[in-house]
Amino acid sequence: MSSSALSLVPPELIARYEPVIGLEVHVQLATATKIFCGCPTSFGAAPNTNVCPVCLGLPGALPVLNHAAVELAIKAGLALNCSIRPHSRFARKNYFYPDLPKGYQISQYDEPLAEQGYVEIRVGDEIKRIGITRIHMEDDAGKSIHEGFKDSDRYSYVDLNRSGTPLIEIVSEPDIRSSDEAYAYVSEVKQVLQFIEVSTCDMEKGHLRCDANVSVRLRGAEKFGTKAEVKNLNSFRFLKQALDYEIARQVAVLESGGKVEQETRLYNPDTGETAGMRSKEHAHDYRYFPEPDLVPLRVSERWLAEVQASLPELPAKKRGRLTVEYQLRDYDAEWLTQSRAISEYFETAARISGDPKATANWIMGDLAGSFKGKDISESPISAENLGEFIKLKLPGKLAKEVFPKMFATGEPASAIIEREGLKQISDTGALEKIVDEVIAANPKQVEQYRGGKGTVINYLVGQAMRATRGQADVAAVTELLKQKLG
């Protein structure tokens, strides 16, 4: 069924049904080496160069568990409000793909590392809790690359550099009821994991991928419908589009008297459609059994406490604190906590400037506008220099002149002002001369002011600022004008 055909499914018909969505989010852990060997996890290496007998699945090669990967997985579990099991176990998940050289994946099955967590999301004005069933560790497969379209000119390649990179899989409860909720859930999970530096979550590099289990049922029904799994969604936009399509497709199938098949589907962003890939596997199809080459994983209370103590303040808590401590709007707090680096930059600058609201405005406005997509860690203006700049309380025009020079050079505002003679003019004698010239040059506005039109003084102040390239002390100019105009 094409996307154009689905567009004919009336919204009121879709509204009769309730989607039931569960997400499986696969996240690559930010380790330097792979989960069971010492090969690097660096992205962009020449194909099949970051490999060894372990990740190639050669006979006799034995896995050794990466301590750093386990620690990052524990961090993720704690940050997502999960209970960490003191004992967990790895298992073999058997299936056969060209890019899975061992013929099985080392994962966790009935004894995962973490379970029973949750994430709170905001959709509109409502806050909703989405349950997390489990978080388990596993190694990644390689990557198949296909090119060509005609049978005579079609090639497939296998790159095993990714084989063995450490993953966690975060499995949600089927608590999500719309594509908007799914978008908010994955966004919150991504933000938390980036905050605690468990993963870069760079979706372009495949560091975060998502599978969605989708079914629909008539509103008010208790029994779940038959689900389809949409695999390998690698952007938030594709996740939302795939869910909206799949929900409409299943409604159309049921309304036409058909039956939704349990299957695995793929989303094609070029057509906006999902297409059947294979019948949905069950756990018994994978023939899980305990991994014989790895001992059970034990997390001691001491280790767990150390990891807990290392966690930074999490995004949701920080957002609440910024609105109370700095009196910021909810929108500002949301923007400033989109990454840990931005939130720390803001707090450093705000403490120095003494003006949190002005600091937020400069960061979200001029500084963000100058980035052009770069990370704040690349800002040539340090948080300390921004705080000192705001603390100077320069007049608007002068501030707008100094700021770009700071961004271009990385120098503090004071150095730029000193070198270029941009000091604020506060000397009463110098200002008095300027005010006299403004009054003499604008007799009409002076007459209007003296006739009771008080707002005209803003025009006269503007003329004084213009004459001094924005360097005059606005408050002093305003006071002098009022005195001289009676």
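Structural remarks
- Only residues that are surrounded by 22 or more Cβ atoms within 10 Å (Cβ to Cβ) and touching a Ser or Thr at 6+ places or on another chain (Cβ under 8 Å) were counted in segment 166-192, giving 3.
- Taken together, the residues in segment 446-478 that are over 23 Å from P395 (Cα atoms) and touching a helix residue (DSSP H, G or I) at 6+ places or on another chain (Cβ under 7 Å) amount to 3.
- Positions within segment 193-207 being surrounded by 20 or more Cβ atoms within 10 Å (Cβ to Cβ) and in a helix (DSSP H, G or I), in sequence order: L193, Q194, F195
Matching residues to (1) in a loop (DSSP other than H, G, I, E, B); (2) closer than 25 Å to E229 by Cα; (3) outside the structural domain of R319 (by TED's automatic domain parsing); (4) in contact with a helix residue (DSSP H, G or I) (Cβ under 7 Å, 6 or more places away or on another chain):
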site: L13; (1), (2), (3), (4): no, yes, yes, yes
site: I21; (1), (2), (3), (4): no, yes, yes, yes
site: I35; (1), (2), (3), (4): yes, no, yes, yes
site: S42; (1), (2), (3), (4): yes, no, yes, no
site: L62; (1), (2), (3), (4): yes, no, yes, no
site: A76; (1), (2), (3), (4): no, yes, yes, yes
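- Given (1) within 27 Å of I21 (Cβ to Cβ); (2) in a strand (DSSP E or B); (3) at pLDDT below 95, index of the condition A141 fails: (2)
- Some residue of segment 44-59 being in contact with a helix residue (DSSP H, G or I) (Cβ under 9 Å, 6 or more places away or on another chain), of a type outside the set (D, E), more than 30 Å from V251 (Cα to Cα) and surrounded by fewer than 20 Cβ atoms within 10 Å (Cβ to Cβ): yes
- Only listed residue being out of contact with any Leu (no Cβ under 7 Å at 6 or more places or on another chain), crowded, with 22+ Cβ neighbours inside 10 Å, not assigned by TED's automatic domain parsing to the domain that holds D330 and not in a loop (DSSP other than H, G, I, E, B), chosen from I135, I106, I130: I130
- Criterion violated by S163 - all others in (1) out of contact with any strand residue (DSSP E or B) (no Cβ under 7 Å at 6 or more places or on another chain); (2) loosely packed, with under 14 Cβ neighbours inside 10 Å satisfied: (2)
- Total residues in segment 111-143, condition small (G, A, S) and over 30 Å from L56 (Cα atoms): 3
- Subset of segment 212-230 that is closer than 17 Å to E181 by Cβ and in a strand (DSSP E or B) - its residue that is nearest to the chain's Cα centre (by Cα): A212
The values are calculated or read from the model by the stated rules, or taken from the named source; none is laboratory data. Owing to the predicted nature of the structure, the values given are computational and were not obtained by experimental measurement. Cβ sites come from the backbone with ideal geometry, for glycine too, and all protein chains shown count toward neighbours.
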